[in-house]
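Heads up: the structure comes next, in structure tokens.
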Ligand SMILES: Cc1cc2nc3c(=O)[nH]c(=O)nc-3n(C[C@H](O)[C@H](O)[C@H](O)COP(=O)(O)OP(=O)(O)OC[C@H]3O[C@@H](n4cnc5c(N)ncnc54)[C@H](O)[C@@H]3O)c2cc1C
Ligand code: SF4
Ligand code: SF4
């Protein structure tokens, strides 16, 4: 569904992905007069950042930083946004001349929706809410989340019972079951890939019990519980709703581990875990928080001080590799770990365990192009062809890459990378840099 309707199907730059990197690249180019089409496969722009609680190392509110950027992108006269859409068959014909197929998926709710959520109240179908990482349920018709942009409902047609109640109660008459997928051809002069990252799925490490023991959660599930808005506004154990008082973090879950195929460091997990632990100590002043780590990587400006601040607040750091998590009858968890300093295996009891899941490449970009492939690096991210001089250049002239599509990055570095991509794209459009 397009937010601002395009006047024609011709644009200067196609930005793929509406996370913080895609928004930044689109805004930089739109502000100097280029006409941008931003294509986002999700129902809302904002990427992962829009779901975060606060950000390290400043503890600024994530939503307060990202929502102005989201709104600026959505309202910019030079940016046409297509959410719930994807691009395929991107083809380069000559310099400054690409074509692509834009596929808009049906939401079954029109732009007339006001986001009032009356339909949600009436809808009888409840399924797991992907935007709360399955911690709670949502209805078959739903506004994705409170600060979604656009704030328009969508029907999850696979789970809808077609009872028609939403159609009866919608005051805006916005339900349209006749909507179908729309395909169109767009012409562009340049492309920026900003499709971001995937989170490691801890089901791939069965010995940690995720999916089996309800009180083992991921760091993204904890982010949602720490966000000071709906639907949580508190931290509770999923199994019994009890307030936890002895919480453990298992760092490097799915990172720096050859055995699961991801040997590299995810760069953000140490710091986001220290951030969450500090926030937990504020939310649950009586709680103990322990972080099991191999090495703490605090390499950015202010990161080491942030880590020391956590220590000063009473977070316990144990240099230990967690090997196994077992559940007790009362829902508490036993973490078996190798104490690296003492060289012995130990066990400790906690009532909630947070797995600090790592960053993995989103390889969607590899199938978007027709007749040619965007080159991947050894870790399946977009390959940077000239990392030192043109850090956004890919193997295709006129195609650039921004943010975590290049590898694990935090928010400031994703924004810097988007700045480089937009500058290189502008140079290319002017007939300079390739
Ligand atoms: C638990 C957790 C906590 C974090 N906390 C912090 C923090 O406190 N501070 C900090 O600096 N960093 C933090 N980060 C890192 C931060 O989330 C990333 O740096 C940032 O989100 C990267 O932005 P991005 O735009 O590159 O990617 P993303 O946020 O992944 O955005 C990519 C966008 O592209 C879209 N997309 C994907 N594929 C397609 C496709 N085929 N077509 C169209 N669109 C597509 C996605 O839907 C998404 O909207 C945290 C990460 C995690 C996991
Ligand atoms: S038609 Fe589908 S979405 Fe609408 S109320 Fe019924 S089950 Fe929910
Ligand atoms: S579809 Fe109708 S009832 Fe549902 S949120 Fe939109 S305007 Fe409200």
task = Given the peptides 55-64, 100-109, arrange them by the average over their residues of other C-beta atoms within 10 Å, most packed first.
result = 100-109, 55-64
query = Relative contact order (percent) for the stretch 52-113, with alpha-carbon contacts under 8 angstrom and 6 or more residues of separation?
reply = 20 percent
inquiry  = Report the gain in length on full extension from residue 366 to residue 173: 0.36 nm times residue separation, minus Cα-Cα distance, nm rounded to one decimal.
reply    = 65.5 nm
key: Mean separation of Cα contacts under 8 Å, 6 or more apart, over the residue count of the chain: relative contact order %   = 18 percent
Fraction of antiparallel bridges per DSSP, the chain only, in percent to nearest 5 = 55 percent
request  = Compute the relative contact order of the stretch 215-341 as a whole-number percentage, counting only Cα pairs closer than 8 Å that sit 6 or more residues apart in sequence.
outcome  = 20 percent
key: residue 326/residue 111 FRET efficiency (R0 35 Å; Cβ-Cβ; nearest 0.05)   = 0.10
Two-site label geometry, residue 430 and residue 61: point separation in nm, points 7 Å out along Cα→Cβ = 3.9 nm
query = What value, in deg cm²/dmol to 500, does the helix sum -39500 (n - 2.57) over DSSP H runs of n ≥ 4 give at 222 nm once divided by the residues of the chain?
reply = -6000 deg cm²/dmol
task = Please label the shape of the stretch 201-358 as rounded, prolate or oblate, based on the square roots a ≥ b ≥ c of the eigenvalues of the alpha-carbon gyration tensor (a/c under 1.5 means rounded; beyond that, a/b larger than b/c means prolate, else oblate).
result = rounded
query = When the chain is modelled as a GNM with alpha-carbon springs shorter than 10 Å, which of 87, 345, 289 fluctuates the most?
reply = 345
ask   = For residue 416 and residue 284 in the same chain, what is the full-extension length gain: residue separation times 0.36 nm, less their Cα-Cα distance, in nm?
value = 44.0 nm
request  = Give, in nm to one decimal, the length gained when the segment between residue 204 and residue 72 is fully stretched (0.36 nm per residue of separation minus the Cα-Cα distance).
outcome  = 43.7 nm
note = Simple spin-label estimate for residue 181/residue 118, 7 Å along Cα→Cβ, in nm, reads 3.3 nm
query = What is the calculated FRET efficiency for residue 264 to residue 347, with r their C-beta to C-beta distance and R₀ = 30 Å, to the nearest 0.05?
reply = 0.50
request  = Looking at the stretch 201-358, send over the antiparallel percent of its DSSP beta bridges, to the nearest 5.
outcome  = 45 percent
Gaussian network model of the chain, Cα within-10 Å springs - most flexible of 353, 143, 126 = 126
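Taken together, the values in this text are just the output of simple stated rules run on the coordinates, not laboratory data. Not measured: the values here are computed from a predicted model. Counting neighbours? That spans all protein chains shown, and the Cβs are built from the backbone with ideal geometry, glycine included.
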